[in-house]
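As C-alpha cells, the structure follows; a few thoughts come after it.
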Amino acid sequence: MGKLRSANRLLKSSSSYLFCRFTNLNLYSSKAPSLSGAYRSKGYAAHATSSFIENWHIWGVQSRHVSSVATLIERNPSFSTITVDDIAYFKNTLGDRGVIQDEEVLEAANTDWMRKYKGSSKLMLHPRSTEEVSQILEYCNSRSLAVVPQGGNTGLVGGSIPVFDEVIVNVGSMNNIISFDKVSGILVCEAGCILENLMSFLETEGFVMPLDLGAKGSCQIGGNVSTNAGGLRLLRYGSLHGSVLGVEAVLANGTVLDMLGTLRKDNTGYDLKHLFIGSEGSLGIVTKVSILTPIKLSSVNVAFLACKDYVSCQNLLVEAKRKLGEILSAFEFLDVHAMNLTLEHLEGARNPLPSSMHNFYVLIETTGSAESYDREKLEAFLMDAVENGLVTDGVLAQDINQASSFWHIREGIPEALMKAGAVYKYDLSLPVAKMYDLVEDLRARLDSAANVVAYGHLGDGNLHLNVSAPSYSDSILSQIEPFVYEWTSNHRGSISAEHGLGLMKANRIHFSKSTETVQLMSAVKKLCDPKGILNPYKVLPSSMLA
C-alpha cells in the first residue's frame, strides 16, 4: 500500500483526483445510456444539414453521385419498379400492418441517422417470421425487385439505406428470444432483437452479451451479425466470427438456409455461416442467430487515465496485456481533440481530470470474478504505470455512476461530433504503432480547414478517424479521400475495421483486398444472388457485378 500512496501523491501533483479502490460494478446494466436512441429523440442528426448524395437524371437515366470523388452510380436497368399488383401481393402475404407506404415513416427509413445517405423507396415491409421473409424474397426475385434489408438503421456507411427505390425489408418485428441454455450460455433469437434488450435479458440470467456498442439501444442483432460489428469489448470476447455459432438466412430466391447450430464444435464441411457474418445482407437476409454468451462476472473496474503522448498509450497497452492479463476487458483511447469536442457538445459530459487537459486519454476496464484479487492486480499495474511515467494523471471509478460517466465520454464522442456540425467518418484497422501517424499526417494536410478527431479501440488496433467541419465541402473531402485510403493501404491496414463497406466504400475495396479476392467475392455473390437484388450497389464494386 505504500507504493500505491506514492503513486497517489504523484497523481495528486497534477490533479485533485486520486486513484481510489473500486466497489463492485455492473456495467452491463440495462440502465446504461443508450446513445443511438438519444440521437434520434433529440434530433442531433439534423445538425448535418448537407448530404453527400445527390440524385441526378442524365439522359433519362436515374443516377446517384456519392461525393465529389466517388463513382457515378446508375440504377440497374434490369430492376423492376413497384406496381399496384406488387402491393396487393405483399398485403395478401403480410396483411395491411406489414406493408408501409406512409411518407413520414418512409422518410425516416430512407435516411440514415447522420443524414448523409438518403434513398427514395416507396415501400417498406415488416415480416414477422422467416416464412414471410422467404415469401417476400421469392416474389421480389421473380419480379426483379431490388431489396434492402434493414434493422435498427444505425450504420455509418449507407449499408441499410436504399440507393434508389429498393424495397425495404425491415426485420424489426422479428424480435423473439427463442431459447437460452443456462448451462452452455447459448442464446438463440430472431434477427430483430435489439442488442440492449438482449443484454437486459441475459443480465437477469447471469450472463452478458459478448458485444457492446454505443448504439445498443437501437441496433439489432441481425444487423450486428450482418456487419460483423466489433464494439467496445472485442479485446476480451473476440469478434462475432467466434461468438456466433449459427445463423438462419434466406437467400434471394427465398431458399431458407438452416445453419442455426448450437454446437461449439461442428467440423462437417464448409462453415457457411461465416459468409453471412459481415456480408451486409448482400448474400441473404439473416433471420435467426445462435450466439455464445459469457458468464457475467461480479468484479468490474474502470479507470480513466491521461498520457503525455501516443507512445505512452502504446506502452501502457503492452503493460496492461502483460500485467492485467485475463481480467483486461477494454482498452480505449481518445486524443485531446476528441475530449475537447465531447466536453463542449455532449450533454452530461464532465472531465474526470479537470485540473488540466492532456494530450491523450485512456479508458481501461477490467472484468473478473475475484474482487480483491482483481483490485490488487489493477493497483499494482497502476502504480507501475505511474512510476514508469506512462500515466500522468488518472482516476478510478468509486461507484457505478462514476464508471458510467467515464464510459459516457467514450461512447458519446459520435454524438458530440454530430452536434458539432458536418463530420467525415473513417473506421480503420492499422498496426497500433502506426495508427496515430495517420492522424498527424491528415491534420497537417488539412491544416486549419477542419478539426481532425481521433479515438478508438486501441486494444484491437481500430482507429475511428473523424474530420469535423462547420459544413460539408468538396474541397475538404478531396483532401481526405483518397489520401486516407491510400495511406491505410500503404501500411497494410483495412479501410473498414467494423462498420462495413456499404455504399460509402464499395468502390474502395481494392485498397484492402486483392483483385483476385474481390473476383472470388463477386463469384460468391452471383452464386447466392444471380439477379443481384439483395442490397445492390453495396459492399462490392458495381463494375464487378455487371
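State yes or no: is S121 at pLDDT 95 or above and either farther than 28 Å from M504 by Cα or part of a loop (DSSP other than H, G, I, E, B) (or both)?
Values: at pLDDT 95 or above: yes; either farther than 28 Å from M504 by Cα or part of a loop (DSSP other than H, G, I, E, B) (or both): yes.
Against the criterion (at pLDDT 95 or above and either farther than 28 Å from M504 by Cα or part of a loop (DSSP other than H, G, I, E, B) (or both)), S121 qualifies.
What about E205, is it touching a strand residue (DSSP E or B) at 6+ places or on another chain (Cβ under 6 Å), over 30 Å from F333 (Cβ atoms), touching a residue at least 24 places away in the same chain (Cβ under 8 Å) and not β-branched (V, I, T)?
Working: touching a strand residue (DSSP E or B) at 6+ places or on another chain (Cβ under 6 Å): no; over 30 Å from F333 (Cβ atoms): yes; touching a residue at least 24 places away in the same chain (Cβ under 8 Å): yes; not β-branched (V, I, T): yes.
Here the answer is no, as E205 does not meet what is asked.
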All positions within segment 363-392 that are in a helix (DSSP H, G or I), open to solvent by less than 30 Å² (accessible area, probe 1.4 Å) and of a type outside the set (A, V, I, L, M, F, W, C): D374, E379
Residue under evaluation H337, criteria (1) buried (at least 21 other Cβ atoms within 10 Å of the Cβ); (2) farther than 29 Å from G206 by Cβ, criterion not met: (1)
Some residue of segment 197-205 being at pLDDT 95 or above, among the hydroxyl-bearing types (S, T, Y) and under 20 Å from the mean Cα position of the chain (by Cα): yes
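Among the candidates L334, L390, which residue alone is more than 30 Å from M418 (Cβ to Cβ), touching a helix residue (DSSP H, G or I) at 6+ places or on another chain (Cβ under 7 Å) and at pLDDT 95 or above? So that I can check it myself, show each step before the final result.
On the way: L334 fails: more than 30 Å from M418 (Cβ to Cβ).
Criteria check complete, one pass: L390.
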Qualifying residue in segment 501-521 (condition: of a type in the set (K, R), open to solvent by less than 60 Å² (accessible area, probe 1.4 Å) and under 11 Å from L283 (Cα atoms)): no
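G493 - would you say it is in contact with a strand residue (DSSP E or B) (Cβ under 7 Å, 6 or more places away or on another chain) and open to solvent by less than 30 Å² (accessible area, probe 1.4 Å)?
Details: in contact with a strand residue (DSSP E or B) (Cβ under 7 Å, 6 or more places away or on another chain): yes; open to solvent by less than 30 Å² (accessible area, probe 1.4 Å): yes.
When the stated conditions are applied, G493 passes them.
State the number of residues belonging to segment 412-441 that are closer than 24 Å to S355 by Cβ and out of contact with any Ser or Thr (no Cβ under 9 Å at 6 or more places or on another chain). So that I can check it myself, show each step before the final result.
Just the residues of segment 412-441 that are closer than 24 Å to S355 by Cβ, to begin with: 412-413, 416.
Keeping just the survivors that are out of contact with any Ser or Thr (no Cβ under 9 Å at 6 or more places or on another chain) gives none.
The number of residues fulfilling the criteria is 0.
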Residue, nearest to G389 (Cα to Cα), within segment 317-374, restricted to residues that are touching a Gly at 6+ places or on another chain (Cβ under 9 Å) and of a type in the set (S, T, Y): S329
Condition check for V225: open to solvent by less than 10 Å² (accessible area, probe 1.4 Å), closer than 26 Å to Y139 by Cα and either not in a helix (DSSP H, G or I) or not aliphatic (A, V, I, L, M) (or both): no
Some residue of segment 395-416 being modelled with pLDDT under 95, over 20 Å from V302 (Cα atoms), open to solvent by less than 20 Å² (accessible area, probe 1.4 Å) and part of a helix (DSSP H, G or I): yes
Segment 155-204 - residue that is part of a helix (DSSP H, G or I) and of a type in the set (S, T, Y) and, of those, most open to solvent (accessible area, probe 1.4 Å): T204
Filtered residues of segment 455-483 (kept if in a strand (DSSP E or B) and within 17 Å of A330 (Cα to Cα)): Y455, G456, H457, N462, L463, H464
Single residue of L235, L245 found to be at pLDDT below 95 and open to solvent by 10 Å² or more (accessible area, probe 1.4 Å): L235
Qualifying positions in segment 74-118 - open to solvent by 10 Å² or more (accessible area, probe 1.4 Å), hydrophobic (A, V, I, L, M, F, W, C), over 30 Å from K419 (Cα atoms) and not in a loop (DSSP other than H, G, I, E, B): V84, I87, A88, V99, I100
Single condition L477 does not satisfy, out of (1) open to solvent by less than 40 Å² (accessible area, probe 1.4 Å); (2) free of Cβ contacts under 8 Å to residues at least 60 places away in the same chain: (2)
Residues being under 23 Å from W113 (Cβ atoms) and open to solvent by 20 Å² or more (accessible area, probe 1.4 Å) - total across segment 139-150: 1
Count - residues of segment 430-467 that are touching a strand residue (DSSP E or B) at 6+ places or on another chain (Cβ under 6 Å), among the polar types (S, T, N, Q) and surrounded by fewer than 22 Cβ atoms within 10 Å (Cβ to Cβ): 1
Residues that are open to solvent by less than 30 Å² (accessible area, probe 1.4 Å) and either more than 19 Å from N401 (Cα to Cα) or among the hydroxyl-bearing types (S, T, Y) (or both), drawn from segment 340-349: L341, T342
Unmet criterion (only one of (1) of a type outside the set (F, W, Y); (2) touching a strand residue (DSSP E or B) at 6+ places or on another chain (Cβ under 6 Å); (3) surrounded by fewer than 19 Cβ atoms within 10 Å (Cβ to Cβ)) for P352: (3)
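The values are calculated or read from the model by the stated rules, or taken from the named source; none is laboratory data. Since we're looking at a predicted model, the values are computed, not measured. So basically every Cβ, Gly included, is an ideal-geometry build from the backbone, and we count neighbours across all protein chains shown. Each accessible area value is taken on the protein alone, full model and side chains, heavy atoms only, with ligands, DNA and RNA left out. Shrake-Rupley method; radii C 1.70, N 1.55, O 1.52, S 1.80 Å.
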